[in-house]
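Novice: Provided herewith is a single structure, encoded as structure tokens, for subsequent inquiry.
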Amino acid sequence: MRVVNTKEINICVNNRLIEDKMDTTMRFGVSLPSDLLEEFDRKIREKMYANRSEAIRDLIRDFLVRDKWEDSSQEVYGSLTLIYDHEKRGISDKLTGIQHHDHALIVSTMHIHLDKQNCMEMMAIKGKASDVKNIADRLISTKGVKHGKLVMTAL
Ligand code: NI
């Protein structure tokens, strides 16, 4: 492996010295079958990646995020989107009840009235992976929820 960038910058702002250590970037070679690489290049062009490095960085980050979500004790972040018909009996109370019960996990909720019947609710959730998955499952499976999707991320 070859170190491409190890630059350190010292910036002086209002007489305070701020050390900004730039991330070190490493370069490495990958061997793979040519047909696999061709398919990969086609796909990353479709997805508008500027280059292979950017696409591979995203794949690696996604792999690491998924690993964090598999370890139930890791702190993770999720955004949950729900679509439901608010005229269905009791549904608003049920969804609000679940969120109040586990209020420590819910960072923020946004409610949008899509039309006369349908609502979209988006929640930012933070906590242990197992707890975040659990509350998302309970909200999505609530009777009357038409569609729900949890997007999982982590630092
Ligand atoms: Ni609404």
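Novice: For the chain, find the longest principal axis of its Cα atoms and tell me its angle to the long axis of helix 91-101, 0 to 90°, nearest 10.
Specialist: 60
Novice: Applying 1/(1 + (r/R0)^6) with R0 = 25 Å to the Cβ-Cβ distance of K43 and R66, what FRET efficiency is obtained, to the nearest 0.05?
Specialist: On the way: r = 19 Å, r/R0 = 0.75.
Result of the calculation: an efficiency of 0.85.
Novice: Report the FRET efficiency, 1/(1 + (r/R0)^6), for R57 and D35, where r is their Cβ-Cβ distance and R0 is 25 Å, rounded to 0.05. Intermediate values should be presented prior to the final figure.
Specialist: Working: r = 23 Å, r/R0 = 0.92.
Computed FRET efficiency for R57 and D35: 0.60.
Novice: Here's another thing I want to ask about it. So, in the chain, how many Lys pairs have Cα atoms under 20 Å apart, if the pair is 8 or more places apart or on different chains?
Specialist: Number of lysine pairs found: 21.
Novice: Pop out the ³J(HN,Hα) list for segment 71-78 in order, Karplus 6.51 cos²θ - 1.76 cosθ + 1.60 with θ = phi - 60°, rounded to Hz; leave Gly and Pro as x.
Specialist: In residue order, the calculated couplings are 8, 4, 8, 6, 7, 9, 10, x Hz.
Novice: Using a Gaussian network model of the chain with C-alpha springs under 10 Å, which one of M122, M26, M110 is most mobile by mean-square fluctuation?
Specialist: Judging by the Gaussian network model, the answer is M26.
Novice: Roughly speaking, what is the centre-to-centre gap between segment 37-53 and segment 97-155 when only Cα atoms are used, to the nearest Å?
Specialist: Result: 33 Å between the Cα centres.
Novice: Could you give the size of the charge dipole of the chain about its Cα centre, using +1 on the Cβ of each K and R and -1 on the Cβ of each D and E, expressed in debye and rounded to the nearest 20?
Specialist: Values: 25 positive and 24 negative charges, 31 e Å.
The calculated dipole for the chain is roughly 140 debye.
Novice: Taking only the Cα atoms of segment 109-155, how large is their convex hull per residue, in Å³?
Specialist: In segment 109-155, the Cα convex hull volume per residue is 76 Å³.
Novice: How would T142, T24 line up from fewest to most surrounding beta-carbon atoms within 10 angstrom?
Specialist: On the way: T142 18, T24 10.
Taking fewest neighbouring Cβ atoms as first place, the list is T24, T142.
Novice: Further question on the same structure: In a Gaussian network model over the chain where Cα atoms closer than 10 Å are linked, find which of R42, R66, R27 has the largest mean-square fluctuation.
Specialist: R27
Novice: While we're here: Going by amide H atoms built from the backbone, whose H comes under 5 Å of the H on G127, apart from near neighbours?
Specialist: HN-HN under 5 Å from G127: V76.
Novice: May I ask you to derive the FRET efficiency for F28 and I112 from their Cβ-Cβ distance with R0 = 41 Å, giving the value to the nearest 0.05?
Specialist: On the way: r = 45 Å, r/R0 = 1.09.
In this case the efficiency is close to 0.35.
Every number here is computed from the coordinates shown, using simple stated rules; none is lab data. Just so we're clear, the structure is a prediction, and the values are computed from it rather than from any experiment. Cβ coordinates were reconstructed from backbone atoms using ideal geometry, including for glycine residues, and neighbour counts include every protein chain displayed.
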